[in-house]
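Derivation of every value follows stated rules applied to the coordinates shown; laboratory data play no part. All values reported here derive from a predicted model rather than from experimental measurement. Neighbour counts are summed over all protein chains in view; Cβ atoms, including those assigned to glycine, are modelled from backbone coordinates with ideal geometry.
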Amino acid sequence: MPYTADKHQRRESSEELRDRIPGWGADLDPKDRPAVPRERTDLETGAHWDFPDRQPEKWPRERSVEHQFLPPVFGTSTPPRGVSGALRKYAYKYSEGRAAHWLILLAADRVDACGSHLRSFLTAHPDNPVTETGVLSEYTHHGISSRFGKKRADLSHLWLDPLIVAGPWLLAGWLAAAKLKKLRQRRTS
Amino acid sequence: MRAMVYRGPYKVRVEEKDIPKIEHPNDAIVRVSLAAICGSDLHLYHGLMPDTRVGMTFGHEFIGTVHEVGPSVRNLQAGDRVMVPFNIFCGSCYFCARGLYSNCHNVNPNATAVGGIYGYSHTCGGYDGGQSEFVRVPFADVGPSVIPEWLSDEDAVLLTDACPTGYFGAQLGDIAEGDTVVVFGAGPVGLFAAKSSWLMGAGRVIVVDHLEYRLAKARSFAQAETYNFAEYDDIVVHLKRVTDYLGADVVIDAVGAEADGNLLQHVTAAKFKLQGGSPVALNWAIDSVRKGGTVSVVGAYGPVFSAVKFGDAMNKGLTLRMNQCPVKRQWPRLLEHVRNGYLKPAEIVTHRFPLQHIAEGYHVFSAKLDGCIKPLVVPDASKA
């Protein structure tokens, strides 16, 4: 098609589409679209307050410095603890606009995961990478036939997944074994 | 109670936790009857979202029965069968008063750039989610709704996020009669976005993915024309070719942070977390939409920077529209569409996992095994 003022060539007319696809054009009029216009002040929300009651703050709740005050309602899952908690509290000194805020939080997440794995070995319910990764579903849910011969683009980096998941465990095991070996050598010498 | 618990990247398990308590006068405690794993849960599962803490329970798509209500709750009572939008919102702040429920300012101390979301890290407020037997639901008079008797549980659970988000994505595209719409991603949100594009009067709907079984679903469920980007040297050029070299009028990014199609982008973002998300689909959207066209983004990205081709967006005079979906605002119209048979949400459900097997559910969904499109989580194992 030459570059003229014409719109795309239609493959099917509106009538044909209406016959073929149930509901075609039901929301053709923007007035029927609930997200149009973007801002609406005529919606009944169910709120019967101007400002909500405040939920009790049971520990000093970390909050973005971009808030004027602690919002009245918040989640109480997993309060910050230990080294990762200290990192998280430090991260909240930076605004959401600073990369430091997010990168410190990501670092805290990794410290949290490592610490939690180690702590779990002191409990009756230690982490089990086999059950917790769900990797056994590779056998029950066609791991090989789901992936190969299917033109999947993610096959090019599939090899990275075991390294990312098992790598830290193998590294930790190797470091622990090396440390033990060193201790033994020291004792024997 | 039993609840899914995050144990670090790629690891989840089921633990015994205390049943949540009323912490605010307008709270409700809901006994979960059905939950789902969302594609965006995989960003948490893969460790991509900052401030995702070990011990948190995920799950922002769930329905259930009201177990207990706080003293100021007027609209719900124990025993009501309710669906709960993934957004937590107060109904009274500047943003809620304008219908922007997903941008509520009163529910998330941890960030001002996003509202509150169940089970979606502390960056989204630090609330435990619904992949458990019980969940705390703040602002019970504002968020949840009683499920109409005629609506099935599986349809209802999909109306808490995936279906309204896809429908919202199509609306953000400002589709006019006869427009050509391209949807990147044939996951649950992409399928609903494609299907919804017809409701808005699209003349042509094209879905792009690399998973053949999902593209087959896009053809059967959403009557879409499909292309597997892995079969083309350059999918953008191919899309130009099939749109008279003008580009599509509207492109919807229903992929988000873990997009495939460019090894460097995917690995730096999804594997090594050096970007807030892999912007492959977003960049393809910018490149394949026509000049003056609209890009709608409903795929989820993390808060860290991503390498987005912003210069092309500017030079092409694009309109970029995006947001987390304000779910409850979509419900009245969506319920009409479901009742009329125009949308059949439960048709995309492929798997049902008992809560105790949720680790397998995450792995199967994450690795895209066994034709998985939408896995549900059933707390009562006898109903799985």
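Sorting A:116-127, B:235-246 by their mean Cβ neighbour count within 10 Å, with the most densely packed peptide first, gives B:235-246, A:116-127. Taking springs between alpha-carbon atoms closer than 10 angstrom, which of B:Asn87, B:Asn108, B:Asn75 fluctuates most in the Gaussian network model of chain B? Highest fluctuation among the options: B:Asn75.
Estimated translational diffusion coefficient (Stokes-Einstein, Kirkwood radius over Cα pairs, 10 °C, 1.306 mPa s) of region A:65-126: 121 µm² per second.
Counted residue by residue at 0.36 nm each, then reduced by the alpha carbon distance between them, the extension gain from B:Asp233 to B:Glu15 reaches 73.8 nm. Scanning residues 5 or more positions from B:Phe353 or on other chains, those with amide H under 5 Å from its amide H are B:Leu376, B:Val377, B:Val378, with H placed 1.01 Å from N in the peptide plane. Put +1 on the Cβ of each Lys and Arg and -1 on the Cβ of each Asp and Glu in chain A; which of A:His67, A:Gly85, A:Phe121 then has its Cα farthest toward the positive end of the dipole? Positive-end residue among those listed: A:Phe121. Charge tally for B:Ile358 (other residues, Cβ to Cβ under 13 Å; Lys, Arg +1; Asp, Glu -1): 0.
Between B:Ala140, B:Ala202, A:Ala99, the Cα set farthest toward the positive side of the dipole of the protein assembly as shown (charges on each charged residue's Cβ, about the Cα centre) is that of A:Ala99. Positive contributions from Lys and Arg (+1) and negative ones from Asp and Glu (-1), summed over other residues with Cβ under 9 Å from the Cβ of B:Pro20, come out at -1. Remark: region B:302-317, residue by residue, has Karplus-estimated 3J(HN,Hα) of x, x, 6, 4, 10, 7, 8, 7, 5, x, 5, 4, 5, 5, 8, x Hz, where x stands for each Gly or Pro and the curve is 6.51 cos²θ - 1.76 cosθ + 1.60 at θ = phi - 60°. Note on region A:136-189: percent of Cα-Cα distances in each 10 Å bin, starting at 0 and stopping at the bin with the largest distance, equals 19, 29, 21, 16, 11, 4. Compactness of region B:263-384 is given as radius of gyration and Dmax, 18.7, 57 Å, from Cα positions. Farthest towards the positive end of the charge dipole of the protein assembly as shown, among the residues A:Pro34, B:Tyr362, B:Gly47, is the Cα of B:Gly47, using unit charges on the Cβ of Lys, Arg, Asp and Glu. Rounded to whole numbers, the Karplus 3J(HN,Hα) couplings from phi for region B:150-156 are 6, 8, 6, 4, 5, 5, 5 Hz, using 6.51 cos²θ - 1.76 cosθ + 1.60 with θ = phi - 60°, and x at Gly and Pro. When Rg and the Kirkwood Rh are both derived from Cα coordinates, the Rg/Rh ratio for the protein assembly as shown amounts to 0.97. In chain A, the DSSP-assigned H stretches of four residues or longer account for a calculated mean residue ellipticity at 222 nm of -13500 deg cm²/dmol, using -39500 (n - 2.57) per stretch and the full residue count as denominator. Projection of the Cα convex hull of region B:1-113, averaged over all directions and equal to a quarter of that hull's surface, yields 7.8 nm².
Placing +1 on the Cβ of every Lys and Arg and -1 on the Cβ of every Asp and Glu, with nothing else charged, gives the protein assembly as shown a dipole about its Cα centre of roughly 2100 debye.
Phi-derived couplings, Karplus 6.51 cos²θ - 1.76 cosθ + 1.60 at θ = phi - 60°, listed residue by residue for region A:141-150: 10, 6, x, 7, 5, 6, 9, 8, x, 10 Hz, with x used for Gly and Pro. When only alpha carbons of chain B are considered, Rg and Dmax amount to 19.7, 61 Å.
Counting Lys +1, Arg +1, Asp -1, Glu -1, what net charge surrounds A:Gly167 among other residues with beta carbon under 14 Å of its beta carbon? Once all neighbours under 14 Å are counted, the net charge is +2. Restricting to Cα pairs below 8 Å that are 6+ residues apart, what does the relative contact order work out to for region A:80-152? Please round to a whole percent. Answer for region A:80-152 is 19 percent.
Report the normalised scattering of region B:26-76 as log10 I(q)/I(0) at q = 0.12, 0.23, 0.25 Å⁻¹, calculated by the Debye formula with identical scatterers on the alpha carbons. Rounded to two decimals, the profile gives -0.40, -0.88, -0.93.
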